[in-house]
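**Student:** First the structure, then my questions, so here it is.
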Amino acid sequence: MTSLSICKFSTLFTLLLITPFLGRTQDRNITSKVDSLLSIMTLDEKIGQLNQYSVGAELTGPGSKEGQDSIRYEHLKNGQVGSVLNLVGAKETADLQRFVMENSRLKIPMLFAYDVIHGYKTMFPIPLGESASWNLELMQETAAAAAKEAAAAGIHWTFAPMIDVSVDPRWGRVMEGGGEDPYLNSVIGVARIKGFQGESLSDPFTIAACAKHFAGYGYGEAGMDYNNVIVNRETLLNQIIPPFKAAADAGVATFMNAFNDIDGIPSTANQYLQRKLLRGDWGFEGVMVSDWNSIGEIMSHGVAKDLKDAARQAILAGSDIDMEASAYVNHLKELVEEGTVSIDLIDEAVRRVLYLKYELGLFDNPYAYSDEAREKEVILSEEMMALSKRAALESMVLLKNENQLLPLDPSKKTAVIGPLAKDKDSPLGNWRAKAESNSAVSLWEALEKRNFKALTHEEGCKLSVGKNNFFEVLTIEEEDRSSFASAIEAAKSSEQVIMVLGETAFMSGEGRSRSSIELAGLQKELLKAVYEVNQNIVLVLMNGRPLALSWEDEHIPAILETWHLGHMGAEAIADVLLGEYNPHGKLPISFPRATGQIPVQYNHKTTGRPNTQGGQVFFTHHNDIERTALYPFGFGLSYSTFEYSDFKINATEMTASGSIKASIVVKNSSDIDGYEVVQLYLQDVVGSVTRPVKELKGFERVKLKAGESKTISFEITEDQLKFYRANETFGSEPGEFRVFIGPHSAIDEYLSFELIDDRLKN
Ligand code: BGC
C-alpha cells in the first residue's frame, strides 16, 4: 500500500478555533435566541450544558464514577447537567424535566438521549440484518417507527445510526451497522437518519439522530472491541469516512466520536477528524458527543496525564458534550480561568447544544415529547408489529437451497431441533432498548400454528447462562450432551429437519467480540450428528454476525440466514420456510470460509500479486483455503431464479461533465414472482494510489413477475469515480474504468470505458 503523507494542520486548527459558530441551518431566529441566552449564562451554567450523565439502571459502559442510579438533583438545580442518557418513559422524563424547569435559574430544558438502535420497545431486525433488505424506504420507515415510540416516551435524541464500515465479523458490533461497504453504509445511514429525524426536528414524533462512531471503530485490530485501530490515511478517507460525510450532508443533527485512536490520537482528542474533516472540510455545525467516558479514556490511551488534560484535549478537538467522564464539569472552568482554554471554545460548544434544544422545540414546550397517552397508543401497537414482521421478511438471506428443499412440504414429518428453536429472547437481538426479555415469538411457536402434519421439537443442546463481562447472558452450552440422543432419535424418525442454530442475542453487540466465528458451543457437533441420520436439513441461522460455514455449506442442503429479526421474526421465518413469502435479502457483509481468513471484504485491493497466476505459490493467498468469500457481499438466493443478459454501455468514452448509461436485462426465469437486487460495481483500473478490485456504486431492487424481463439501467457520472488521492485531494483520474452489473459482488464479466477529460488530472 502506498504510504501517504500526513499533512500538518496546526495553522488551520488555529483558524478554525476562532471561526464563529454559524448555526446548523443558519436559522437566524434561533441563533439570536441562542446568543441572548448565552449572554446571561455563567461559566458554570455553560459548562453544565456540555455535561451528560447516565440515569437509571441501564449500563451501556463501565459504571459511572459518581453512582449510576442516583439522579444528581443538586447538579440539576445548579444547571450543571445539560443532557442525560438512559432515562426513559413519558412520566419519568417529564418529572425530571419539571424538576429542572422549576428549580434551575435559567430553566434550560434537558435533553434526553437513548440508544434506540433497532426499535424502542418494538424490536425490528438488528441493523445488519435489516441492511440485507437493501430496501432504503423500509429502513427509513422502521427508524421513523422507532422514533415514534421513543419520542412518546420522552426521548429527544438517539445514538444511532451506527455507520461504521465493519470488515471484521469477529467484532460484535457488526450487528449494529450496515456491513462492509462504504456506499451501502452511506445510503443506509442516510435513510435511517431521515427516518429518525423526519421532516423537522421540532416535530415531537421524531428524534435527533447521531452518526457514530467517528471514526474507524469498525477496524479494531483482531476484531476486538475497543482495540487500537491501525489504518492508513487512504483507507480512512476512502473506506471509513464516506458514510459520515453522507450523514453530515444529509443533515444529521449530531455525531458521536469513537473509543479508538486514529494515527495514534484517540478519536475524542483527534483534531484532524473533528476540526479538520468534520467541521472544516464538511462544514458540520451540529453537536459532537463523546462516547461513554471516551474523554476519560484519553488517559487510559496514555495520551493525557490526568482528567484535566483529557478535558483540554477533547474540547480543543471539538468534542462538545462529555458523556459520563465528568471531565468537563470538573475541569473546564479551571482550564478557562487559567487561560488554557478560551471562552470562545466553550461558547462554540454550548451554542451547538442550545441550538439543538431550540430545534427540537424544547424551549417552546419542554414536555412535548413526554406523552403518556401517546406512549400507550403507539408502543407495541398492531401497526408496529406489522412493520416489524414486514422488515423481518425482507431481511432474511437464503444462502443455499439445493434440490429445492425449501419451501418445505408440511405434509412431511418434521423435526425442529436446536437450542434457539424455542428461544423467545435471542430474536430480539442485542441493543434492544426497552424490549421486554423473552417477548419475541419463538420459531417453535410460529411453526406450531402452521399446518404441519407432524411436528416435533428437541433442543439437542442447551442454552446455558454464562457470564459475559459484568452481565449474565444466555449462551450456547459447551459440555452437556445429554439432549443429543433424543434429538438424533427425532431426526431419524422424521422426513425433514429444521435445525435452529446460531448465537444468542448477547453473543454479539458491544464488548462481544469472538475469536472464532464458527457455530458456537456444541452446535456444530449436534448438526453433524443429526446429519449422520437425516440429511434433509434446513439450517435456520439466528446470529448477529457472519459465521464461518464451510462445513455447513458443503453438507447441508438448505441454509437460511435470519439474523436476529426482532419481535415478529419467527412468523416471518415460518412464512419463508413454507413458501408463503419469497426471500430476497442480499448479504451486506461477506461470509468468510474460516475465521483465519478475516478480513475478506469484496472491495480489497489487487496487491502486487493478484490471484491470477495459475498454480504458482507466490501470490496473495492462504495455502489452505480459497481466497474468495464463502458467500460474497451482495449474495442471496430466492425461490425465483433470475437470468442476466444483454449487458451494454452506451459509450466507451466519457468526459467529466458527461455520463455513461449501463444497462442489463434481468429476467425472472422461474414460475414465482420475486424481487432481485441488481447491483452496479465499478473498478478504477489504474489510479495514483491502489484502488479496490470493485466498488459498489448503485443498486436497484426490482420486482419481477414469473417469466417477466426488465431492462435495468444505471447512469454513471464523474462523481462515482472520485476518490481521495495521496495528497488528500478528492477527484477522479482519467483512464480505464470497468463496469460490472449482476446479482452479487463476485461477478467477473465487465465492460470498459475511458474517462478522457484532461482537466481531471489535478
Ligand atoms: C457505545 C455507544 C453508545 C453509548 C451510550 C457506548 O458504550 O459505544 O455506541 O451510544 O455507549 O450508551
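**Student:** Taking a 31 Å limit on the Cα-Cα distance, which of the listed pairs LYS389/LYS667; LYS424/LYS710; LYS245/LYS422; LYS424/LYS694; LYS91/LYS586 fall beyond it?
**Tutor:** Going by Cα-Cα distance, LYS424/LYS710; LYS245/LYS422; LYS424/LYS694; LYS91/LYS586 fall outside the 31 Å limit.
**Student:** Something else about it: Skipping prolines and chain starts, which residues have an amide H placed within reach, meaning under 5 Å, of the one on ASP263, given they are 5 or more residues away or on another chain?
**Tutor:** VAL231
**Student:** Now a separate question. Taking amide hydrogens as modeled 1.01 Å from N in the peptide plane, which residues meet the under 5 Å criterion relative to VAL473, leaving out close sequence neighbours?
**Tutor:** The list, which skips near neighbours in sequence, is GLY466, LYS467, ASN468.
**Student:** Where only protein heavy atoms count, and the probe is 1.4 Å, what is the accessible area per residue for the chain in Å²?
**Tutor:** Per residue, the chain has 36 Å² of solvent-accessible surface.
**Student:** Setting aside same-chain residues fewer than 8 positions from LYS412, which lysines have a Cα under 19 Å from its Cα?
**Tutor:** LYS449, LYS453, LYS492
**Student:** Okay, moving on. Rounded to whole Hz and in sequence order, give me ³J(HN,Hα) for the range 100-107 from the Karplus expression 6.51 cos²θ - 1.76 cosθ + 1.60, θ = phi - 60°, writing x for Gly and Pro.
**Tutor:** Once θ is set to phi - 60°, the couplings for the range 100-107 become 5, 5, 8, 10, 8, 4, 9, 6 Hz.
**Student:** Moving on. So what J values fall out for the range 449-454 if you push phi through Karplus, 6.51 cos²θ - 1.76 cosθ + 1.60 with θ = phi - 60°, rounded to Hz, Gly and Pro as x?
**Tutor:** 3J(HN,Hα) across the range 449-454, in whole Hz: 6, 8, 8, 6, 5, 9.
**Student:** Would you mind telling me the antiparallel percentage of the DSSP bridges in the chain, rounded to 5?
**Tutor:** Restricted to the chain, the bridges split so that about 60 percent are antiparallel.
**Student:** Looking at the square roots a ≥ b ≥ c of the eigenvalues of the Cα gyration tensor of the range 43-375, which shape do they give, rounded for a/c under 1.5, prolate if a/b is larger than b/c, or oblate?
**Tutor:** Verdict is oblate for the range 43-375.
**Student:** Once label points are set 7 Å from the Cα along Cα→Cβ at both ASP27 and GLU199, what is their separation, rounded to one decimal in nm?
**Tutor:** 1.4
**Student:** Also: Carbon and sulfur together cover what percent of the accessible area of the range 389-597 at a 1.4 Å probe radius?
**Tutor:** The value for the range 389-597 is 44 percent carbon and sulfur by accessible area.
**Student:** What is the list of residues in the range 653-682 whose amide nitrogen lies under 18 Å from a point 7 angstrom out from the Cα of SER713, following Cα to Cβ?
**Tutor:** 653-655, 658-667, 678-681, by backbone N distance to the label point.
**Student:** Applying a 10 Å radius around every beta-carbon, put 714-726, 375-387 in order of their mean neighbour count, most first.
**Tutor:** 714-726, 375-387
**Student:** Answer rounded, prolate or oblate for the range 355-435, using the Cα gyration tensor with square roots of eigenvalues a ≥ b ≥ c: rounded when a/c is under 1.5, else prolate when a/b is larger than b/c, else oblate.
**Tutor:** Numbers: a/c = 3.23, a/b = 2.82, b/c = 1.14.
It comes out prolate by the Cα gyration axes.
**Student:** Once you sort the root eigenvalues of the Cα gyration tensor of the range 389-597 as a ≥ b ≥ c, which label holds: rounded (a/c under 1.5), prolate (a/b larger than b/c) or oblate (the other case)?
**Tutor:** Rounded is the answer for the range 389-597, as its axis ratio a/c remains below 1.5.
**Student:** With each pseudo-label sitting 7 Å past Cα toward Cβ, what's the SER752-HIS622 distance in nm, one decimal?
**Tutor:** Rounded to a tenth, the inter-label distance reads 3.3 nm.
**Student:** If you don't mind, another one. For the chain, what does the helix formula give at 222 nm: sum of -39500 (n - 2.57) over DSSP H segments with n ≥ 4, over the residue count, nearest 500 deg cm²/dmol?
**Tutor:** -7500 deg cm²/dmol
**Student:** Work out from phi, with θ = phi - 60° and the Karplus expression 6.51 cos²θ - 1.76 cosθ + 1.60, the ³J(HN,Hα) of each residue of the range 403-412, listed in order in whole Hz, and give x for Gly and Pro.
**Tutor:** 6, 6, 4, 9, x, 6, 9, x, 7, 8
**Student:** Hey, what did the chain get for relative contact order, percent, Cα under 8 Å, at least 6 apart?
**Tutor:** Computed over the chain, the figure is 13 percent.
**Student:** For the range 43-375, which whole-number percentage of the solvent-accessible area (1.4 Å probe, protein heavy atoms only) is attributable to carbon and sulfur atoms?
**Tutor:** Percent of accessible area from carbon and sulfur atoms in the range 43-375: 49.
**Student:** Next question, about the same structure. Can you pull the one-decimal nm distance between simple spin-label points at SER381 and THR655, each 7 Å off the Cα toward Cβ?
**Tutor:** 5.5
The values are calculated or read from the model by the stated rules, or taken from the named source; none is laboratory data. All figures in this text were calculated on a predicted structure; none of them were measured in a lab. Cβ: placed from backbone, ideal geometry, glycine included. Neighbour counts: every protein chain shown. Each accessible area value is taken on the protein alone, full model and side chains, heavy atoms only, with ligands, DNA and RNA left out. Shrake-Rupley method; radii C 1.70, N 1.55, O 1.52, S 1.80 Å.
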